[in-house]
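**Q** Dropping a structure here in structure tokens format, bear with me for questions.
The values are calculated or read from the model by the stated rules, or taken from the named source; none is laboratory data. Quick caveat, the model's predicted, so the values are computed rather than measured. All Cβ positions, even for glycine, are placed from backbone atoms using ideal geometry, and neighbour counts span all protein chains on display. Side chains included, ligands, DNA and RNA excluded: accessible areas come from the protein's heavy atoms. Shrake-Rupley method; radii C 1.70, N 1.55, O 1.52, S 1.80 Å.
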Amino acid sequence: MMGSAARADFGSDTSWWKSFAISGYADAGIMGNPTGSTGGTNFGRLFDDRPNKPELNQLSVLVTRPLDPNADDFDYGFIFQPMFGSDARFTHLLGVFTHATSDVNQFTIIEADALMHLPWTLGGGTDVKIGIFPSPLSAETTVPSNNPFFSHSYIFNFGVTVAHTGAFTVTHATPLIDLYLGIDAGNQTTPWHDNNGSAAGWAGLGLNLLGGNLTITWLNHFGPENPTGTLSPAGTLVDDSWRSESTITTVYKYNDNLTFTTDLNYAHDNGFQASAYGIAQYVSYAVNTELTLQARGEVWRDDKSFFAAAFPGNLDAVNALQGLPNGSFTAAPFGTGVTYAELTLGFNYKKSLPDPLGAILIRPEVRYDHATTKIFNNGRNNDSVTIGADFILSF
């Protein structure tokens, strides 16, 4: 379940509603940039792209009846999670409040889907979600409390998909093996507002090893993504050309305190013959129940400056997705490869609060970025340092 747990006591209730929960959170933060921004943005960043400005990143409510994780018979439930804030600029699905406002704080839906557990398939059955759901690619997620840092990796920002409308299934073939399959309208699109009118799909494999202390998840999304009418630099129409995004995410829980997470990424657009690939390594050490030390190191290559971009206008990201005029820009002219590296250090401090509040989570960080082209500080620097934090209040 995403978000904080609901404050409800169902006692000995054995009804279908016993796991029904309502919860929520507010996330606000600021990312200081003493180096100097580019075009008014922290280049290479999305959710924390506005330098030196406090922002309401997300205000969200979660209403859910999750599936019983131990169900051996048919089960069903749902998730509904609307969200308001500056992060919505980058998580819209076309046709869902896309241009409802041009303000920095916008409204969107993180998740709205029906859940089912089908016991009649292989092994432990199949879990199904049908509707709107966030991308399961990569080690990071849209919901802030599920991530170690306020800032996101290059992989999460530019190397994977964001959100989908369709069906996604996980079949628990054996206790060791999970199989992933799905179909959707494409990244950040809907069947009623697809930017190219083509379907896309999912396939993947998961391994659960060492009694659950080691998990390896290989996920792939593939299908046309370029908006209708998109031309390649050679003048060829490429709106039906496939794009693929893949991650292999490995999580190793060394002991109760120390966890290692490795994210491998490869993305390729056939129409532009552009690829991106990289690795992000995370280390988390829980000092106690309240304090966790966090580190992330990453190297990521955008071989033609196709994937990574900045979106200074409030509607630039969604207009680019739809194929409309926008003010986005890349680090270098198309065809020029750029390699990015970042090192982020910080900690998470979580403190429980009296009812009806849940807890407060504080995530300060210091981040160093390097690029092989001078993209930072209005094209004057290869390097950038940012210092920031966000505050997540759950209820």
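**Q** Filter region 313-366 down to the residues that are acidic (Asp, Glu) and either free of Cβ contacts under 8 Å to residues at least 12 places away in the same chain or touching a strand residue (DSSP E or B) at 6+ places or on another chain (Cβ under 6 Å) (or both), then identify the one that is farthest from Gly297 (Cα to Cα).
**A** Glu365
**Q** Specify which of the listed residues (Pro233, Pro312) is modelled with pLDDT of 95 or more and open to solvent by 40 Å² or more (accessible area, probe 1.4 Å).
**A** Pro312
**Q** Determine which single condition Ala276 fails, assuming it passes every other condition in (1) surrounded by fewer than 19 Cβ atoms within 10 Å (Cβ to Cβ); (2) among the hydrophobic types (A, V, I, L, M, F, W, C); (3) within 20 Å of Pro136 (Cβ to Cβ).
**A** Result: Ala276 passes all but (1).
**Q** Considering each residue of region 255-272, count those that are over 24 Å from Ile183 (Cα atoms), in contact (Cβ under 8 Å) with a residue 12 or more places away in the chain and open to solvent by 30 Å² or more (accessible area, probe 1.4 Å), and give that number.
**A** 6
**Q** Something else: Which ones in region 142-187 are assigned to a helix (DSSP H, G or I) and open to solvent by 30 Å² or more (accessible area, probe 1.4 Å)?
**A** Scanning region 142-187 gives Ser145, Asn146.
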